[in-house]
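The values are calculated or read from the model by the stated rules, or taken from the named source; none is laboratory data. Worth saying up front: this structure is predicted, and the values here are computed from it rather than measured. No Cβ is skipped: glycine too gets one built from the backbone with ideal geometry, and neighbour counts run over all protein chains shown. When the accessible area is computed, the model is the full protein with side chains, heavy atoms only, and any ligands, DNA or RNA have been set aside. Shrake-Rupley method; radii C 1.70, N 1.55, O 1.52, S 1.80 Å.
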Amino acid sequence: VKKYYPKVRIRVEAYAEYLRYPLDPLYKPEDNLAIIFATHIHNCHNHSVIDKTCPYVPKYMNEYYKWAANTKHFHVYAYECLNGWAQLPWPMVHILKEDMPEYHRTGAEQFITQTFFHNQSYALNYYVASKLAWDTSLDVDYLISDFCKKSYGKAAQAMEKYHRFIENSWENNPNHVAYKTEVIPVSIVKFFPPDVI
């Protein structure tokens, strides 16, 4: 492909069981490959990628940094939504505000995400992520207010209070959540205790 179509890039996912960087010390991805690193299966979704106190983040990010350092075209598959979460909210603005600058700092060229039928539960995540994808210096507190004003009209103040409450409840929650780290049905109980509900 590189010989006959030098301008074509082939996208390849570093995902799930293929997340780990190859062990061959001589390996380096061809420069016509765009590696898509998925921030999903093995990482904690309640702690930032720069949070060294989380037991799951350092090992996961070790692989991330290898791919980022050796890949000419590096993309991030950032999950702003979580399937299998019983259509409950998944507040992640508290990690996006730290994750997105780190992705930029390490040379991510593109961000890919996905949606589901319950997009309304994750709309704030998409909004903040899309804004930070363009400019990581933006004020995230302002973005939350801006989203609520544009989305909820007269209910903006009440909905902003709701969004901030649930974000704070997760940010101050020491527990972990992801498909391969903590069982999600158990995590739901930990993140939605009676006082949060």
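What a 1.4 Å probe finds exposed on the stretch 1-154 is 55% carbon and sulfur by accessible area, rounded to a whole percent. The modelled label-to-label distance between Ile188 and Asn70, using points 7 Å beyond Cα along the C-beta direction, is 4.0 nm. Between rounded, prolate and oblate, where does the stretch 62-155 land on the alpha carbon gyration tensor, with a ≥ b ≥ c its root eigenvalues, rounded for a/c under 1.5, else prolate if a/b exceeds b/c? The shape class here is oblate. Annotation: extensible slack from Tyr126 through Arg164 equals 12.1 nm (criterion: 0.36 nm per residue apart, minus Cα-Cα distance).
What shape does the chain have by the C-alpha gyration tensor, where a ≥ b ≥ c are the square roots of the eigenvalues, rounded means a/c under 1.5, and otherwise prolate means a/b greater than b/c and oblate the rest? All intermediate terms of the calculation are to be shown ahead of the outcome.
Values: a/c = 2.22, a/b = 1.60, b/c = 1.39.
Note, shape of the chain comes out prolate.
Relative contact order of the stretch 34-169: 24 percent, from C-alpha pairs under 8 Å at least 6 residues apart in sequence. Karplus-based coupling profile of the stretch 7-15, in residue order and whole Hz: 8, 7, 10, 9, 8, 10, 8, 9, 9, with θ = phi - 60° in 6.51 cos²θ - 1.76 cosθ + 1.60 and x standing for Gly or Pro.
With the simple model of a label 7 Å out from the Cα in the direction of the Cβ, Lys3 to Asn32 spans 1.0 nm. Cross-link partners for Lys52 among the lysines, with Cα-Cα distance under 18 Å and sequence neighbours closer than 8 places in the same chain left out: Lys66, Lys97. Within a straight-line Cα-Cα reach of under 15 Å, Lys72 can be paired with the following aspartates and glutamates, leaving aside sequence neighbours fewer than 8 residues apart in one chain: Glu13, Glu30, Asp31, Glu109.
Quick one: accessible area per residue over the chain, 1.4 Å probe, rounded to a whole number of Å²? Spell out each step's value before the answer.
Details: 10960 Å² over 197 residues.
With all protein chains present, the chain gives 56 Å² per residue.
Straight-distance candidates among the aspartates and glutamates for linking to Lys59, with alpha-carbon spacing under 17 Å and chain neighbours fewer than 8 residues away dropped: Glu17, Asp51, Asp99, Glu102, Glu182. What the phi angles of the stretch 55-72 give under the Karplus curve with 6.51, -1.76 and 1.60, with θ = phi - 60°, is a coupling list of x, 9, 5, x, 5, 4, 5, 4, 5, 4, 5, 5, 4, 4, 6, 10, 10, 5 Hz, glycine and proline written as x. Each residue of the stretch 120-132 is assigned a 3J(HN,Hα), and the resulting list reads 4, 5, 10, 4, 4, 4, 4, 5, 5, 4, 5, 5, 6 Hz, derived from the Karplus form 6.51 cos²θ - 1.76 cosθ + 1.60 (θ = phi - 60°), x at Gly and Pro. With contributions of -39500 (n - 2.57) from each DSSP H run of at least four residues, the per-residue ellipticity at 222 nm computed over the chain stands at -12000 deg cm²/dmol.
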